[in-house]
Structures are given as C-alpha cells and as structure tokens.
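So the structure is just underneath, and the comments pick up after that.
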C-alpha cells in the first residue's frame, strides 16, 4: 500500500507517483481531523517518484500545523541518490 | 544554430500554434466540459509566450501573457464559459495574428483593437479575480510578468555563503560545481515534467550534493490541485565531471525561463544569452522529436571517445491513470505512439519532387528509345520492367510526401461559419465529412479563400433569410452546411452544400441577360446558368451584407480554383439547397493528360477537362454563317475549335469527319477541339513556361515527352471565348 491509516497515524510511501498523489489528496482532504501524524514508511530514502507528494505534505502541514510530519518537520532529509534535501518555508 | 535560424524555427512553429488557436477555441465551445481542449489551448499560448519573449517580440509576449492568464483562470474554474467570452477568445486570436505579423514583419502599427482587446481581457481577469486587487491595472500585470524573472534572480541568492563553501569543500578532483535553479511552471505536471525526473537524470550526470526546496506558496489542502505545481524554486548543487553543455542538455525540453544554470567554481561567470529555441512540450507531436534526439545522443556516444554516459533526456513522468479525476493529463500518453515525424523544409521536398520528375522523364526516354525497344533479350526487358515499376513506386511515394489531410483546412472553416452565422443571425450546423482526404500541400493555402467565399455565400444567400422562413418551408430552423471531401476518379472533389432555398434559375438568367453576360436568344443548360453567378460583378442579392452580396466573392472562387487547375460545378434545386463541387487535380506538379497531335505538334489536354473524344460523321457537322462550325452531339450543338487555326500552326483545314474531336468542358460551356489524332493518355510532369511562351494564354505549361520533345499543355479555359 502506498498510504495506509494506522489509528490516527498515516503511513505513506515515497514510491507514490503523481496519480497516487491525486488519490492520496482525494483520500486525505476530508480526514485531516482524524490524523495526527504522517510517517514515511521507508527506512532509508534513496529516491522519490514525484515532487507532487512533497507539496501535498507541505499543504497538509499548512492546513493543520499541529499534525506531525517528521519528513517535513525535520527541515532536512538525506536521500542516498539525491543528496541532502532542505525545505525552505518562510 | 545561429539566432536567425532559431528565429525562423520560432516563426514556423508559432505560425502552426497560432493557426490552431481559433480551431481549438471553437472545438471547446462545442464541448465546453472538455477541459483537455482548454488545457491544450493554454499550452499552445504558453509556448508562444515563452518563445515570443525569447526573441524580443515584447508586444506579442505581453498580449499573449494576458491572454494566457485569462485561459489559466478558466481552466482552473468551474465557471461556465459564456458565448461572449468565446467571442473575446476569438477576438484575442485575431489580435495575436495581427501582432505576430507586426513583430515578424517589423510593421510600424499594431493591429487595430490591440489595446481594446487587452482592456477587455484585463476586465475579464478582474471580474474573475475580484479579491486580488493587486491585478488592477495592465501595468501591474506587466510588472508581474517581469517579476517572473526577478523571483528567479532573488531565489538564486538564497543559498548562503556557508552553504556554498560547504558544498565546494565536498567536491572531488576534476569535478565542477553547478548551481541549478529549477523554476517549473504550474502546468509542468500536465506537460509531463516533474522535479523527480530531473533529479533522476542529474544523479546520472553527476552527484547531487544538496538542494533547497522553496515551498513558500503551497496552498492549504482544500485549495490545492495536486496536479498543479506550486513549488517555486529548487536550487540544486550538482558536482559533475561533465561539461555545462551536458548539464544544459538535461533541461532541453523545458522553457528557457524554467531553469538557470551557473558554474560556481568557474572563474568566469557565464550567463546564457543565446535564446533557446522553442522547446515544445512533450505533447503528441513533440514526442517523436524527442525520440529522434535520443537517437542522436546514442550516435554521439558511439562516435565519441569520451567514456561518459550522455545524460538521458527527461521523459514525461507517469500520469494519473484513467480512473483518476483529471482527464487533462492523458495527452502526454500519446507519446507511446510508435510513429515518428521529421520536419522538412518544403523547398527540399520540391527539389526531391523535381528530381523524381526528371527520373520519370528519363524513364519515358528509355521506354520510347527504339534501340532499347528492339532488344529481344528477356533479361534486359525484365530489368527494364522492374526499373519502371520502381520508378512508379518512388514517384507515388514522393507524391504522398506532399499530401496532407484536408482536415486542417476544414477545421478553419468552423470559425468562418461561426462568424458568418453570427453576422447574419442564422443558426447553422456545420457537417464535415471526409476530412482525412489528402490534398497536395501546395494547394492547401490557395484553397482557403475559395472555400471561405463559398461558405459565406452559403450562409448569407444559400440558407433562408430567417428561422421562420425555414420552418415555413417545412425545414428545421437550424440550417445545415456540409463540407465533404472525397476522391472522384483521379481527382479530389470538395463539396460545399447547404439545405437552403436553392438558386432561382430564372432570376439568375434575367440578371445575366441584364448584365450582358447572357443573350436572350440563346438556350442555356442549368449548369451554364448557375455558372453565371461566378462571373465578375454578378450578384442577385437584393441587399448587400458585410459578408457577401457584392458579387466579388464567387468570382474570386473561380479565379482561385482555375489557378489550381481545377473547376467548380454547381448543382441546385429550388427549395432544397445548392451544392458547389470543387474538382481539383491530385497534385499541381503532375497531371493526367491526353496527348493529341495537331499540325505535327504534340499537345496535352488535361484529362479533367475532357468529356469524350470521337470522330463525327459528316451529317452531324454543321457550319453556321459567321458563327463557325458546330457538331451536333446527341442533340447538343457544340462549337468546333480547330487547334491548328487557334494556335496559328498552319492554314490547313482538315475535314472534321476525317479528324478527331475532343469534347471538353470549360467554364464557358462545352466545345469540341479538332485535332489530327489522339496519341494516348499519359501522366506528365508540368514544367513552367519560359518568358517567351508565358504570354500565350492558350497554353498553361509544358512537359517533356519520352522522346525528349516538349509538348505544350492546353489551357482549356482560354481556347474558346
């Protein structure tokens, strides 16, 4: 599964492609009240399939700032193939 | 490739885009729920904007930018698009056409209506986005446009000195450091581009050390369209041993404003100043170009000694599947089509065609050569036969290169119908049939004007004056105009028909007599009477409208079609409608001709004009005092034109019943050409006449025969007055 609810936590995969992100957006947009954290299930990050996933995660964060998304909250993510990714959100 | 060559490519591609704009708008009007059409339109306008600015066509860039904003508003809105908004779109396209001419032709005056249209677009934008007061004036919009680039400039400075030093320290020996600013447009996902694609390719070109993702303007989830890109800028530090050109190649399918590359550890700060050629998006047509470029890369790799992988080209990312909400993203999937296309200068095609013409002539030489004919060697004859077959095959294939579907020409007529029906306030339904029929490309441009005139005439005069009149006549209030193309014999037939009131035969005849075109004493067939409406200055219209009624339109049709070596036939039934049929040869370069002999000279009569040929019996040939000779062919009296006399070849007067008569049909009616002998039918390659012969109006061209002699092609329209 590319996204899966586990209680009030949502587990997602970086394997999502654009069409999966569209479904993910459709799925989550009315369920934010019931989600408290979003975790990326991969232990190590190598690559990502679409940047649309990242902007969706940021959008979720902008909509519900209290929601925990370590992948975004940490401000930096290291990808094995793509180096250090830094989020700039002023 | 120098800037001038790039400009030529821009002009060519921009022309193609502009030509398609109003067609797409009308398609969208017909199917307003189909956002794919609107997105397609937007992509065309977006490409035009980027390219226009690259070449300094600021007025075009400015106008197109605002138009793009309006389209963008509508493609992101569920608001129903009213007819007056479609009118605004179409008017904007007219202005774009005018501004394009202004820019390309270095004209001094912008098209009239430029500012007015721009104001209307601004007003529409303000109405659509009232909450955004910052977009209050055109100047503001213009500033915003300029700022597109400023944002980029500023963003590139948001890497700190520490960060720069940090990444520089991580360079390995022989590596250069590049700072890449990716600033993808909001529609990049639609176009098949995703940052992920570029990261993947860059990781093959070198090592991505770090990247800063500017995620400032991401909307909340309810306002977010996941298929739209909101990520402002991504600054990527790339360490690589490859050259800047190799890195630039990664982004070759992006618009030039969507990326910027700086070599950080280079002493000279190089800025790319050469405008990039139009980088069309990877939609249907462009996909094959990408394939070709990929082949080129492989070739380069094979020929190169350098042991490095050439960077792969960005391929469109995968798109939402069919069951996803958006239909917009389906287009790039067409890339999977196996067919590929190459753009070729038409001049090169013409040269190829000429060469094939020479080949056909050389083959005819061989076929006619007596020495070769006398060879009784089966092997030689078989080889010659194969050669002839291959020559024919090459000729057909080269011919097919010039053939294009008539669809584009028919599509343009949708706008003509829309405008004409609106002007005369009639409801019209356009039916298009046979749009895949192919026609010689050289004819396409010349065909538009005649079609426009006939269609306008059909809407204005052909159809009943009002809906009520149609209902009274027992018809649906919506009039039908049919455009149909098909092959007829060796020709192309294009029919323009309507189910209107039909031509009033008696009214046309009396008007023709009044105008001195026809005589009261003569009998005319229906076809001859209908052909009067195509005479210069002829109009039976009781009132003159903006679109027809001055009697100039249909005359233009005749002249235009004659230039294409074709002819127009008219059929009409009062109360039921009228049909114009344009008959055209398949190509202007080769015609089917009948070779005839007169006074020991060979002439060619286009087969299209010939009805029949025969040797008359003495009792059907008559001489009428002062009016010349006639032949009574099945109760129809046809004038006889002696070719040798007409062309002053000799003074001989052979008896018609000992000669051959070729019955032909011209705009003026049927007549019989008296020749000594029929030689046979042959396809001939038309060669233009030199200055000396071009004044002979009875001759339209020349052709080289198999024996090396030149035969003249007769201009049937001018043989009989």
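In the stretch B:404-585, the convex hull through the Cα atoms has an average projected area of 10.1 nm², a quarter of its surface area. Return the FRET efficiency for the residue pair residue B:241, residue A:75: r is the Cβ-Cβ distance, R0 is 22 Å, and the value is rounded to the nearest 0.05. E(calc), rounded to 0.05, equals 0.10.
Can you give the FRET efficiency to the nearest 0.05 for residue B:204 and residue B:78, using r as the Cβ-Cβ distance and R₀ = 35 Å? Using R0 = 35 Å, I get an efficiency of 0.25. Over the stretch A:3-86, the fraction of Cα-Cα pairs per 5 Å bin, rounded to whole percents and listed from the shortest bin up, is 3, 14, 28, 29, 18, 8, 1. Dimensions of the stretch B:185-250 along the principal axes, based on C-alpha atoms and rounded to the nearest Å, stand at 44, 23, 15, largest first. Residues in the stretch B:1-37 near a label at residue B:107, defined as backbone nitrogen under 20 Å from the 7 Å Cα→Cβ point? Hits in the stretch B:1-37 for residue B:107 at 20 Å: B:8, B:10-23.
The slack in the chain from residue B:340 to residue B:408, taken as 0.36 nm per residue of separation less the alpha-carbon distance, amounts to 22.5 nm. Taken residue by residue and averaged, Cβ atoms of other chains lying within 10 Å of the Cβ of B:240-246 number 0. The angle between the Cα long axis of helix A:18-28 and the main principal axis of chain A comes to about 30°, on a 0 to 90 degree scale. If eta is 0.890 mPa s and T is 25 °C, what Stokes-Einstein diffusion coefficient results for the stretch A:39-82, Kirkwood Rh from Cα pairs, in µm²/s? The estimated diffusion coefficient comes to 218 µm²/s. For the stretch B:1-45, backbone nitrogen atoms closer than 15 Å to the point 7 Å from residue B:432 Cα along Cα-to-C-beta are found at B:19-31, B:37.
Grab the eigenvalues of the alpha-carbon gyration tensor for the stretch B:357-501, scale each by 5, take roots, and send me the semi-axes largest first in whole angstrom.
51, 14, 11
Subtracting the Cα-Cα distance of residue B:252 and residue B:392 from their residue separation scaled by 0.36 nm leaves 46.2 nm. By DSSP, the beta bridges lying fully in chain A are antiparallel in about 60 percent of cases. Here the simple spin-label model places points 7 Å from the Cα toward Cβ, and for residue B:5 and residue B:163 these points are separated by 3.8 nm.
The angle separating the long axis of helix A:51-63 from the principal Cα axis of greatest extent in chain A is about 50 degrees.
Each value in this text was obtained by applying a stated rule to the coordinates, not by laboratory testing. Fair warning: this is a prediction, and the values are worked out from it, not measured in the lab. Reconstructed Cβ throughout: ideal geometry from the backbone, glycine too, with neighbour counts over all protein chains shown.
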